[in-house]
Amino acid sequence: MKEIVDSWKNHAKEEYDENLTFLKSLKGNRLVDESAASLDNTVFDKVDCLKCANCCKTTPAIVSRPDVKRIAKHLGVPTKTFIKKFLIEDYDGSLMINGVPCTFLNKDNTCQIYEVRPVACREYPHTAQFGFHRRSRMNAQNTLVCPAAYEIVKRLMSIHPIKK
């Protein structure tokens, strides 16, 4: 894990444009989804999210309406109270956790609502989800936040090099 995290810390920002260009080149290549999902399993066998939690520390999670109901029920509070206390509305009407680090992040990097966490958190960094090949900007952005996402993109470059 240390090698992956060190590489991410040292190179992710300077390689962002290169990563974005590469990810844009994958649009239309559905085979990439399979490769990304496979690499997701391989890389996350080596990366322990509890030792990092950078996503929880730096990126407000999007919370869907079904997430709101599920989490509010789990916390034993009315939906409106949960929204008012823990969420903000983005310019496009989507709901997000109202700050970073995440309100529900414990000091040991565990999550107070892990069992009912938002789908966006559960699926992050979205490297195993269908449609990876279409989400170039989001995937490039995730390489700045998540060491595993960065490593997955680097490995994808070897499997699916840009054709010149």
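Readers should treat all values here as calculations from the given coordinates under stated rules, not as data from a laboratory. Quantities reported herein were computed from a predicted structural model and do not represent experimental measurements. Heads up, the Cβs are rebuilt from the backbone with ideal geometry, glycines too, and the neighbour counts pull from every protein chain shown.
For every helix of n ≥ 4 consecutive DSSP H residues, a contribution of -39,500 (n - 2.57) applies; sum these over the chain, divide by its total residues, and give [θ] at 222 nm rounded to the nearest 500 deg cm²/dmol.
-15000 deg cm²/dmol
Would you calculate the separation in nanometres between label points at R137 and T110, each defined as 7 Å from the Cα along the Cα-to-beta-carbon direction?
So the label points at R137 and T110 sit 3.8 nm apart.
Scan around V63 for amide H atoms under 5 Å from its own, H built in the peptide plane at 1.01 Å from N, and keep only partners 5 or more places away or cross-chain.
The answer is L95, M96, I97.
Can you put E151, E15, E89 in order of Cβ neighbours within 10 angstrom, beginning with the fewest?
Going from least to most buried by this count: E89, E15, E151.
Have a look at S94, Q141, A53 and report the one farthest towards the positive end of the charge dipole of the chain, computed about the Cα centre with Cβ charges (Lys/Arg +1, Asp/Glu -1).
Value: S94.
Taking the Cα centre as origin and putting +1 on Lys and Arg beta-carbons and -1 on Asp and Glu beta-carbons, what dipole magnitude results for segment 26-164, to the nearest 20 debye?
Rounded to the nearest 20 debye, it is 260 debye.
How would M96, M1 line up from fewest to most surrounding beta-carbon atoms within 10 angstrom?
M1, M96
Which ³J(HN,Hα) values, rounded to whole Hz and listed in residue order, are derived for segment 76-93 from phi using the Karplus coefficients 6.51, -1.76 and 1.60 in 6.51 cos²θ - 1.76 cosθ + 1.60 with θ = phi - 60°, glycine and proline given as x?
For segment 76-93, the Karplus curve yields x, 10, x, 3, 4, 5, 4, 4, 5, 7, 10, 10, 10, 9, 6, 4, 9, x Hz.
Enumerate the calculated ³J(HN,Hα) couplings along segment 116-122 in order (Karplus 6.51 cos²θ - 1.76 cosθ + 1.60, θ = phi - 60°), each rounded to whole Hz, writing x wherever the residue is Gly or Pro.
Those phi angles translate into 10, 4, x, 4, 4, 6, 4 Hz.
Quick check for segment 56-123: number of Lys pairs with alpha-carbon distance under 16 Å, counting only pairs 8 or more apart or on different chains?
6
Just subtract the alpha-carbon distance of A37 and Q129 from 0.36 nm times their residue separation and send over the number in nm, one decimal.
32.4 nm
Less than 26 Å apart at the alpha-carbon level, and either on another chain or at least 8 residues along: which lysines does that give for K24?
Here the lysines satisfying the reach criterion relative to K24 are K9, K13, K154, K163, K164.
So for the pair Y91, F44, with labels modelled 7 Å out along Cα→Cβ, what separation do we get in nm?
Using points 7 Å along Cα→Cβ, the separation is 3.2 nm.
Sort T127, T103, T79 so the one with the fewest other Cβ atoms within 10 Å of its own Cβ comes first.
Lowest count first: T79, T103, T127.
Which whole-number percent of Cα pairs in segment 1-153 have a distance greater than 21 Å?
Above the 21 Å cut-off, segment 1-153 has 49 percent of its Cα pairs.
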